[in-house]
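Each remark here refers to the structure printed beneath this line.
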Amino acid sequence: MSTTDGPTLIPDAESAKDAIDRETSRGPRKLGWYSRAGDWWAERSRPQQWAFLVIVVVLAYALPVLNPPIITTEPGNDWPIACFQMALYALVAVGLNVVVGYAGLLDLGYVAFFAVGSYTAAMLTSPDSPFLHIPYLWTVPVAMAVTMFFGVFLGVPTLRLRGDYLAIVTLGFGEIVRILATIIPAFHGQVGFQNVGHPPGVDGTGRPIFSNSNGTPWYWLVLTVIIIILLLVGNLERSRVGRAWVAIREDEDAAEIMGVPVFKYKVWAFAIGAGIGGLSGALAAGQLGFVNNQKFDVVTSMLFLAAVVLGGAGNKVGALLGGAIVAYLPLRFTAIAPYKYLIFGLALIIIMIFRAKGLLAARQKLLAYGKSTYARVIARSEQPRTSEPTADGGKKQ
Amino acid sequence: MIPLLLHLAVSQPHLDDSWITFDIPSFLQNFWPATFDGLTFGAIYGLIALGYTLVYGVLNLINFAHSEVFIVGCYGVVFVLTTLGFGPNPPTISIAAVIGDMLLAILVGMLASAVTAFLLERFAYRPLRHRNAPRLAFLITAIGASFAIQYTIFLIRGPNPEPSVTMFVPEPVFEVFGTTIDSQQITIVVAALILMIAADTFIRRSRVGRGIRAVAQDPDTATLMGVNRERIIVITFVIGGLLAGAAALFYVMKIPSGVQYNGGFVLGIKAFAAAVLGGIGNVRGALLGGLLLGLIGNYGQLLLGASQWTDVIAFVVLVLVLLVRPTGILGTSIARSRA
C-alpha cells in the first residue's frame with residue numbers, strides 16, 4: 001500500500017539530513033512553549049519534586065474554597081461546580097490521552113463511552129429505572145466494566161484495520177448511542193432518569209454532603225480519582241504496555257516487525273480509554289443527578305479531543321491542563337460560550353498546522369523507572385549526538 | 001462483580017417491549033414501497049459516498065468534513081429556491097419554469113459544495129501535506145474542520161431547520177408489484193445514475209481521470225511520470241464537492257425540512273458506510289453500496305419502527321462489513337480499474 005502521508009519522494013541525503021536535523025539539533029526548542037519547565041522539573045531532586053507536588057496538590061484541593069478573584073467564573077456560573085467541570089474534563093482528557101496520545105488511535109466518539117457510563121450509573125441507582133438498585137459507589141466499577149466491554153466490542157472489528165476506520169466507527173458510535181437512547185423506550189428518551197444516586201454521607205444539618213448543588217465535595221472526589229488514575233496510567237506508561245503503545249504510535253509496522261503484538265495493545269489502549277470515559281460519565285451522572293438523551297452531543301467528543309490535542313497529545317500533564325482549559329474558558333468568559341464549538345474546531349485545525357505537539361509536548365524520553373539509570377543512559381547517548389548536529393546546523397545556517 | 005452482573009441480568013422485570021420490537025406485518029405489507037423508497041435514498045447516499053471514495057482513493061484519507069461539504073450545498077439549493085419564490089406549498093408556475101429553477105438550484109448547490117471542498121483542501125489539508133504531517137494530524141484536522149463548518153452555519157442560520165421547499169408534487173407514473181412509482185423517485189434515481197455514470201466515465205476515460213487513477217495507484221511514480229499531484233488532489237476534492245452539491249438538490253427534494261446545520265453529519269456516516277460496503281476507493285462500489293444501504297436501512301426502519309433506526313442500521317452494517325470483509329463487496333480501488 002502506498003501511503004500518501006506526504007511528499008516523501010526520494011529519500012535523498014538532504015531530506016535524510018533534514019530529518020535528523022528535526023529530530024536532534026532543534027529538538028529542545030521544538031518541544032513546547034513550556035519545555036523549560038520540563039527541563040527544570042527533571043533537574044530537581046526527588047524530595048524537591050515531592051515537595052513541589054504536595055504544594056500543587058494542596059492548592060488544587062483548596063481551589064474551590066479559595067475562589068481566587070480574577071480566575072473565578074463570571075456571575076451565573078457557580079465556581080465550585082465550575083471546578084468540578086474542569087476536573088471532569090481533565091479526567092476525560094487523561095482517559096482520551098491514553099487512546100490518542102499514547103497509542104495514536106483516534107477516538108472521535110469518546111462522548112459515547114461517557115454516555116454509557118452515565119446511563120449505567122443512572123439505571124442502577126435512579127428510582128425511575130426498573131432494574132436492580134445498588135449503592136452509587138458500586139456503579140462506578142460497573143460503569144467502567146460496561147464501557148470497557150463496549151470498547152472491546154468496537155475495537156476488535158476496527159483495530160485490525162487502518163486508523164481511519166477506527167476514527168469513523170467511533171464517530172458513528174458517538175451519534176448512535178444518543179439515537180439509541182432516544183428510540184429504545186427502556187432508556188426513557190428525553191424524560192431520562194431523575195434522582196441518580198450519590199455517595200453516602202450527610203452533614204450536620206442532615207443534608208447529603210454530595211448534593212447536586214454543592215460542587216466542592218464532588219470536585220474533591222473527582223480530583224482524588226484523577227490522582228489515582230494518573231498514578232495508574234503513569235505506571236502503565238512506563239511499563240512494557242506503555243512502551244508498546246509509543247512504538248505503535250510512532251510506527252505500527254516497525255513495532256509489529258520488532259515483535260510487539262500490535263493488535264492486542266491497541267485493544268488494551270482503547271479499552272482502558274473507554275473505561276476511564278465510563279468512569280467520568282458515572283461521576284458526571286452522580287453530580288447532575290439526572291441523565292437523559294440531550295447531554296451527549298457528538299460535538300462534545302470534539303471538545304474532548306481538543307482538550308487532549310491542545311494540552312499536548314501523549315503528555316498526561318498536558319492533557320490535564322488541556323481538559324481544564326477547555327472546560328474553564330467558556331465558564332470564565334461567558335461571552336465566548338456560544339462560539340465554543342467553532343473556536344475549538346478552528347483551534348484543532350490551527351494547532352495541527354502550526355503546533356502539532358500542543359502546549360506541553362510529549363517528551364521523547366526513556367520510558368523506564370529509575371532516575372539515575374535514566375541520567376546514565378542520557379549521558380551515554382549524548383556523546384555521539386553532539387558532534388553531528390553542530391556540523392549539520394552550521395551548514396543549515 | 002460477576003455474581004452482581006448475573007443477578008442484574010436475572011432481575012430485569014420486563015424485557016419484552018421496552019427494548020426492541022419487530023413489526024413483521026408492517027414489514028410484509030410495505031415491502032415494495034420501502035424497496036423503491038430505499039433505492040431513492042440509496043441513490044443519494046451513493047452520490048455522497050463517491051466524494052468519500054474519490055478522496056480516499058487519492059489521499060488515503062477519510063474526509064470527515066465531506067458531510068459539511070454536502071450540507072453547504074443543501075443551503076445553496078434552499079437559498080436559491082426560496083429566493084425564486086418556492087415555499088412549503090407546491091409552486092403554481094409551469095413545468096418548464098420549475099425545471100429551469102431546479103437546474104439553477106443544482107448548479108448553485110454544486111458550486112457551493114465544490115468551493116467548500118476546494119477551500120477545505122487549500123486551507124486545512126494542503127498545509128499538512130506540505131509539512132509531511134502524520135496521519136493522525138489529517139484526521140484531527142478533518143474533524144476540526146467538520147465542526148468548524150457546522151458551527152459557522154449554526155451561527156449564521158441558527159439551530160432550526162430551514163423552511164421546507166416543495167419543488168413539485170410527486171405524481172404516480174406507473175405501477176410495479178402493486179406499488180406506484182412516482183415522478184419524484186424516478187427523477188432522483190435517474191438523475192443520480194446519470195451523474196454517477198458521468199463520474200465513472202470521467203475517471204475511466206479522461207486525461208484527468210487517468211491522472212487520478214495514477215495518483216491513487218502510486219503517488220510517487222505518478223509524480224515522476226509528470227502527473228501534477230497537487231492539481232489532481234484539488235480536482236478530486238472539487239469533483240467530490242460537485243457530486244455532493246448535486247446530491248443536495250435530491251436530498252432537499254426528498255426531505256424538504258432536513259436542511260439543518262448538523263443535518264449532514266449522520267448522512268455523512270451513512271454515505272461512508274455505503275462507500276465501505278461497496279468497497280472504498282471503488283467508484284462503482286459507491287453506487288452499489290449506496291443502493292444496498294438505502295434498501296437495508298428502509299427495511300430495518302419498517303421492521304423496527306422509528307425512522308432513526310436507519311442511522312443505527314447503517315452503523316451496524318459498517319461495523320459488520322469491517323469485521324467480515326473490510327474491502328467491501330466490490331473490493332479493489334480506483335487505481336486498479338482499467339480504462
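Which whole-Hz couplings ³J(HN,Hα) result when phi for each residue of segment A:237-248 is put into the Karplus expression 6.51 cos²θ - 1.76 cosθ + 1.60, θ = phi - 60°, listed in order with x for Gly and Pro?
After applying 6.51 cos²θ - 1.76 cosθ + 1.60, I find 4, 8, 9, 4, 4, x, 5, 5, 4, 4, 4, 5 Hz.
Explain nothing, just the number: dipole magnitude of segment A:78-365 about its Cα centre with +1 on each Lys and Arg Cβ and -1 on each Asp and Glu Cβ, in debye rounded to the nearest 20.
About 540 debye.
Rounded to the nearest 0.05, what FRET efficiency is calculated for A:A379 and A:Y61 with R0 set to 45 Å and r the Cβ-Cβ distance?
After rounding to 0.05, the efficiency reads 0.75.
Would you mind computing, in nm to one decimal, how far apart the modelled labels at A:V152 and B:N132 are, each placed 7 Å from Cα along Cα→Cβ?
Placing both labels 7 Å along Cα→Cβ, they lie 4.1 nm apart.
Could you give the spread of the C-alpha atoms of segment A:78-365 along their three principal axes, from largest to smallest, in whole angstroms?
61, 39, 34
Give me the distance in nm between label points sitting 7 Å out from Cα along the Cα-to-Cβ direction at A:N212 and B:L193, one decimal.
Computed distance between label sites A:N212 and B:L193 equals 5.6 nm.
Per the helix-only calculation at 222 nm, which mean residue ellipticity applies to chain B, given -39500 (n - 2.57) for every DSSP H run of n ≥ 4 and division by its residues, nearest 500 deg cm²/dmol?
My calculation for chain B gives -23500 deg cm²/dmol from helical runs alone.
Computed over the Cα atoms, what is the radius of gyration of segment A:246-323 divided by 2.2 N^0.38 Å, N being its residue count?
That ratio works out to 1.38.
Just want the ordering: A:R46, B:R129, A:R162, from fewest to most Cβ atoms lying within 10 Å of their own Cβ.
A:R46, A:R162, B:R129
Using a simple charge model, +1 on the beta-carbon of Lys and Arg, -1 on the beta-carbon of Asp and Glu, nothing else, what dipole does the protein assembly as shown show about its Cα centre, in debye to the nearest 20?
Magnitude of the dipole: close to 2480 debye.
Can you tell me the Rg and Dmax of segment A:61-162, counting just the alpha carbons, in angstroms?
When restricted to Cα atoms, segment A:61-162 yields Rg and Dmax of 17.4, 51 Å.
Residue-wise, which Karplus ³J(HN,Hα) couplings in Hz belong to segment A:342-348, taking 6.51 cos²θ - 1.76 cosθ + 1.60, θ = phi - 60°, and x for glycine or proline?
Per residue, the Karplus-derived 3J(HN,Hα) values read 4, 4, 6, x, 5, 4, 4 Hz.
Below 8 Å between Cα atoms, with a sequence gap of 6+, how large is the relative contact order for chain B in percent?
Relative contact order of chain B: 34 percent.
Among B:E121, B:E230, A:E43, which comes first, second and so on when ranked by fewest other beta-carbon atoms within 10 Å?
The fewest-first ordering by Cβ neighbours comes to A:E43, B:E230, B:E121.
Lysine pairs in segment A:78-365 with alpha-carbon atoms under 25 Å apart, 8 or more places apart or on different chains: how many are there?
The result is 11.
Semi-axes of chain B's equivalent ellipsoid from the Cα gyration tensor, sqrt of 5 times each eigenvalue, largest first, rounded to whole Å?
32, 28, 21
Sequence-distant or interchain residues sharing an amide H contact under 5 Å with B:V173, placed H: which?
Under 5 Å from the amide H of B:V173: B:I181, B:D182, B:S183.
Calculate, in nm to one decimal, what B:F168 and B:I186 gain on full extension: separation in residues at 0.36 nm each, minus their alpha carbon distance.
Full extension of this stretch gives 5.2 nm more.
Reported to two decimal places, what Rg/Rh ratio describes the protein assembly as shown when computed on Cα atoms with Rh from the Kirkwood expression?
0.98
Of the options A:A247, A:S129, A:G197, report the single residue whose Cα projects farthest towards the positive end of the charge dipole of segment A:78-365 (beta-carbon charges: Lys, Arg +1; Asp, Glu -1).
It is A:A247.
Are there chymotrypsin sites (Phe, Trp or Tyr not before Pro) in segment B:122-195 that DSSP marks as loop and that have at most 13 other Cβ atoms within 10 Å, and which are they?
Sites meeting the loop and neighbour criteria: B:F177.
Report the calculated FRET efficiency for B:L224 and A:I71 (r = Cβ-Cβ distance, R0 = 60 Å), to the nearest 0.05.
Once rounded, the FRET efficiency stands at 0.55.
Any idea which of B:G38, B:A216, B:Y56 is furthest toward the positive side of the dipole for chain B, if Lys and Arg beta-carbons carry +1 and Asp and Glu beta-carbons -1?
Of B:G38, B:A216, B:Y56, it is B:A216.
How high is the FRET efficiency from B:I20 to A:R160, r the C-beta distance, R0 30 Å, rounded to 0.05?
0.55
Rule-based calculations on the coordinates, nothing more; no lab input. Model, not experiment: these values are computed from the prediction. Note: ideal-geometry Cβ built from the backbone for every residue, glycine included; neighbour counts use all protein chains shown.
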